[in-house]
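Please read the structure below before turning to the comments.
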Amino acid sequence: MGHRQDLLAAARRLLRTKGYARITARDLVAESDTNLASIGYHFGSKEGLLNEALGEAVEEWTVQLARVAMADPDASTAERGISAWSAMLEGLDGHRELAVSYLEALAQAERDPVVREQFARQYRRCRERVAELVAESLGDGTTAADPKVRTIAGFVIAVCDGLAVQWVLDPEESPSPAELREGLERFWRPVHHADR
């Protein structure tokens, strides 16, 4: 691997062990066996490196959740969403440090336009990927560019983010997969009756 990949791998390890806010440039250099100049050259800043590493980790997790959601070819779009959210909830124990680091990083976006744009790009990629899955799930020829599909993708991501925040703050009281399923069924039942 070159310095760029060495730095990304080091950042991902440190995000899991130290958390976003406590990682220094010197930590990254020591963990990657590179040098300070490499951080600036490849990522512009320590934050740029950490944010890219977080983005990679989140994208990988999105791919894993997509596999779960699309595993049953006969599942409805709603069932696929519930499967992905349930898998996310079940996997949070193994991703706690990543979730906390992500929240720490997001807090920086308000004060740094470069960080904000970096995360906005990551969210755009995530929405595009989820919209592709929603369009595939609908199976009616609707494309990922359809505004309806993009709205559903945004909703799916909002639920994921909201569940993750609840779990980080209060894992004992955040919804279990079974409670999530029950809550969604109770929520959707009156909506379906109102549509008739």
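The values are calculated or read from the model by the stated rules, or taken from the named source; none is laboratory data. As the structure is a prediction and not an experimental result, all values here were calculated from the model. Heads up, the Cβs are rebuilt from the backbone with ideal geometry, glycines too, and the neighbour counts pull from every protein chain shown. These area figures cover heavy atoms from the full protein model, side chains too; ligands, DNA and RNA do not enter into them. Shrake-Rupley method; radii C 1.70, N 1.55, O 1.52, S 1.80 Å.
Extension gain for ARG121 to GLN64 (0.36 nm times residue separation, less C-alpha to C-alpha distance): 18.5 nm. Surface calculation, 1.4 Å probe, protein heavy atoms: SER83 sits at approximately 40 Å² accessible.
Based on the Cβ-Cβ distance from ASP74 to LEU36, what FRET efficiency comes out when R0 is 41 Å, to the nearest 0.05?
Given R0 = 41 Å and the Cβ-Cβ separation, E is 0.15.
When each full DSSP H helix of the chain is screened for a Cα extent of at least 15 Å along its own axis and an average Kyte-Doolittle hydropathy of at least 0.5, the helices passing are 147-169. Residues THR77, THR34, THR143 ordered from highest to lowest accessible area at a 1.4 Å probe: THR143, THR77, THR34. Each residue was assigned an accessible area with a 1.4 Å probe, and for LEU65 the value is about 20 Å².
Classify the range 49-142 from the C-alpha gyration tensor, please: rounded if a/c falls under 1.5, else prolate or oblate depending on whether a/b exceeds b/c. Mind showing how you got there, number by number?
Values: a/c = 3.02, a/b = 1.67, b/c = 1.80.
Note, shape of the range 49-142 comes out oblate.
For the range 1-115, the gyration tensor built on C-alpha atoms gives a prolate shape. Its axis ratio a/c (a ≥ b ≥ c) is at least 1.5, and a/b is the larger of a/b and b/c. Each stretch of four or more DSSP H residues adds -39500 (n - 2.57); spread over every residue of the chain, this sum gives -26000 deg cm²/dmol at 222 nm. For the range 1-152, with all protein chains present and a 1.4 Å probe, just round the carbon and sulfur fraction of the accessible area to a whole percent. So the carbon and sulfur contribution to the accessible surface is 51 percent. Taking each residue as 0.36 nm, the span from GLU136 to LEU169 lengthens on full extension beyond its C-alpha to C-alpha distance by 8.5 nm. Under the combined filter of DSSP loop state and at most 13 neighbouring Cβ atoms within 10 Å, the range 102-168 retains none of its chymotrypsin sites (Phe, Trp or Tyr not before Pro).
Pairwise alpha-carbon distances in the range 15-64 exceed 16 Å for 42% of all pairs. Here are several values of Kirkwood radius over Cα pairs in Å: (i) 17.7; (ii) 18.2; (iii) 15.8. Which one was derived from the coordinates shown? Matching entry in (i) 17.7; (ii) 18.2; (iii) 15.8: (ii).
Its Cα centre serving as origin, the chain has a Cβ charge dipole (Lys and Arg +1, Asp and Glu -1) of approximately 480 debye.
Relative to one another, the C-alpha centroids of the range 43-65 and the range 137-159 are positioned 24 Å apart.
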